[in-house]
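Just so you know, all these numbers are worked out from the coordinates, no wet-lab data involved. The structure presented is a predicted model; accordingly, all values stated were derived computationally and were not measured. Quick reminder, even Gly has a Cβ in these numbers, built from the backbone with ideal geometry, and neighbours come from all protein chains shown.
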DNA sequence: CTGAAAGCGCTTACAG
DNA sequence: CTGAAAGCGCTTACAG
């Protein structure tokens, strides 16, 4: 009838509550045999620890926060789903709050939130992950934080990301493999971390295949549909236009398709187009866009894991603040090439 | 230094903890003067109740759940932000879980989740809000639930929604006001609640302005870009084509713009287009789409409020399960007409 | 490696 | 309308 309590487990296993607690927290040494008995009892009773009791006794809130600043709705959604599911499964609760760097008094807002809610750690998605202000305040508050897809990797806070340059390289090479040697590129907003990395990947792919990089094939965009449209028009109206275009974002790729259609260039028959992000628009439009999927949800899960690991290690002694983040490969996640309908092989054999 | 506790407040106010508790929960009668003293003490100490202690003492989890089933990422995002902020501000925690009706064993999954996590109430966004299975199981479990934008309003569970028919009426009338008398309509998926309501609104607007409803101006779509594209082509290639098209979703409206452009119809100069939803695509494309914004986030907030109200009232006696939901106007939220760039006045004066 | 005691900060009855 | 007592289910020291 009633849910099993730790007391019940202890009784059934024939040990003290203390031992059960130790088995669950997995921290102190317990004899294997004792552990097995306890595990069996937990299993039999379908015991679920009471998180409220745990928080109260340990004087910890078990609360972590995710702050976001006007990214796209789809992006926050994925972020929240990932962070929420992981924090729940690890016994933490998540508070979510938007934080506008330009209008809010970030310092006061941050301090108030952390103090009042007793927040133990913070997840920072872009662009907050690159905000020097926010990073500084958090350092001063001495509260652990983990960053998602930051531009700079020279900060002590750990981070998770994906290899954007490599992804850009891969999708460019996919175009080249299909026979394209005239590949246009539409850059993203110069202030955004991804823009440079994606351009980097594009360049490397061309170099690897001994294709000259033509300045007129590279157009500046701003990640928006509108900017992409103009850039694409510039590209397709060239005297010697590219046969394929890599736009640094899906919005710009969608615009490229519109621009092509407007100029009577069938996609992908006469022009291949690829994007980046796998935003909703990528599968909404027709033909569906070939693009790169960022594992946003997984990044949020990994970030949450990292943060909770840090909270469990650090027993509130403030050590190793100076040590660089142990950035191991596990925190660089896999992207995925979404091969859909906007790429075709060139007609002419090279 | 340390955060204030209820004991501190009681001491400062010169009363017992019990009185402080009563002031906070706002449930029992407290003399005004006493209340004021307590409030002042709370203020001075910046006291924040410890939610863990409260949950433990009251034997309540203070946990509500939101289940979702593959809606668009943007939609879940807004939903989560709304539900999360509201539940936090009211001292509840939110667990979020996806629930796939077709592949999961819904009954087992639901029961396990509710039992193990001690979930007190549930928020059901569409299409789960119309799932007879899920509704039945929740009724059997005797757990309060609130629905968002359900199709059927004959169920005992309360709901929040917006007046889709009225919104469709308004945006159609906006077209008519601009001089359009030849207004095409692209219907949504026949299974989806919104489709019929939106068609209803379209029809009412035409009727009000004494415009005949022409069968050839009404095309069936499925909410997808692709289906909208075909429907739009059918419309613009008519011998006597409409001068404006109302597509029941933004994806279909975006497709309509593409189709128009393909047929050398400038938007909005030669064809006005409006959509419904205010999805990300609406402001991504160019020209930016005139459409109706659903207040998804506000709906989630309201739903959360409704649910928590129900939890606080019902002291676990299971009464009034038979009474119809008190569906007052507060639970029908305001939509917003997003007047952007895809509507122009007709050249010819009527 | 294991246990007995105390206490975390509230709320629930129960009195008055 | 207000209060004193007990207890929610854990974890933190402290012993052994």
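Some observations on this one:
- Among residues of chain B, the one whose beta-carbon sits closest to the B-to-A rotation axis is listed with its distance in Å as B:77, 1.
- Per-copy distances of the residue A:298 label point, shortest first, in nm (7 angstrom along Cα→Cβ): 3.9
- Longest to shortest principal axis, alpha-carbon extents of segment A:28-87, angstrom: 52, 24, 22
- Nearest 10 degrees, 0 to 90: helix B:132-141 Cα axis against chain B principal axis: 10 degrees
- In the frame of its principal axes, segment B:126-229 has Cα extents of 54, 28, 18 Å, reported largest first.
- By the helix-only formula, in which each DSSP H run with n ≥ 4 contributes -39500 (n - 2.57) and the sum is divided by residues, the protein assembly as shown has a 222 nm mean residue ellipticity of -14000 deg cm²/dmol.
- For chain B, the longest principal axis of the alpha carbon atoms and the long axis of helix B:296-313 meet at an angle near 30°.
- Equivalent ellipsoid semi-axes, segment B:195-310, via Cα gyration tensor eigenvalues times 5, rooted, Å: 29, 18, 12
- Calculated FRET efficiency, residue A:261 to residue B:154, Cβ-Cβ distance, R0 = 51 Å: about 0.65 to the nearest 0.05.
- Counted over the protein assembly as shown, the DSSP beta bridges are approximately 10% antiparallel.
- Each part gets one Cα centre, and for segment B:1-25 versus segment A:236-293 those centres are 63 Å apart.
- Exposure proxy ranking, count of Cβ atoms within 10 Å, fewest first, for A:131, B:272: A:131, B:272
- Taking Cα atoms only, the orientation of helix A:32-45 departs from the longest principal axis of chain A by about 80 degrees.
- The value of relative contact order for segment A:17-175, using C-alpha pairs under 8 Å at least six residues apart, is 18 percent.
- Taking the DSSP bridge list for chain A and keeping only pairs wholly inside it, about 10 percent are antiparallel.
- Structure remark: mean-square fluctuation, Gaussian network model of chain A, C-alpha springs under 10 Å; the largest value among A:13, A:167, A:244 belongs to A:13.
- Cβ-vector label at 7 Å, residue B:332, separations to other copies in nm: 5.7
- Percentage, to the nearest whole number, of Cα pairs in segment A:6-49 over 13 Å apart: 40 percent
- Mean projected area of the convex hull spanned by the Cα atoms of segment B:67-106, taken over all viewing directions: 3.0 nm².
- Bins of 10 Å from zero: percent of alpha-carbon pairs in segment A:1-151: 10, 32, 25, 18, 14, 2
- Based on every Cα atom in segment B:240-282, Rg and the maximum pairwise Cα distance Dmax equal 9.9, 32 Å.
- Descending semi-axes in whole angstrom, ellipsoid equivalent of chain B, from the Cα gyration tensor: 49, 22, 17
- Compactness of the protein assembly as shown - radius of gyration and Dmax, Cα, Å: 28.6, 90
- Teacher prompt: residue B:48 distances to equivalent labels in other copies, 7 Å Cα→Cβ, nm: 2.6
- When the P(r) is computed for segment A:62-137, the part past 20 Å accounts for 29% of the Cα-Cα pairs.
- The mean sequence distance of close C-alpha pairs (under 8 Å, at least 6 residues apart), as a share of the length of chain A, puts its relative contact order at 16 percent.
- In plain terms, the residue of B:292, A:267 with the fewest other Cβ atoms within 10 Å comes first and the most crowded comes last, giving A:267, B:292.
- For segment B:123-186, the spread of Cα positions along the three principal axes, ordered from largest to smallest, is 55, 18, 17 Å.
- Percentage relative contact order, segment A:119-238, counting C-alpha pairs under 8 Å, at least six apart: 20 percent
- For q = 0.19, 0.20 Å⁻¹, Debye-computed log10 I/I(0) when each Cα of segment A:155-213 counts as one equal scatterer: -0.68, -0.73
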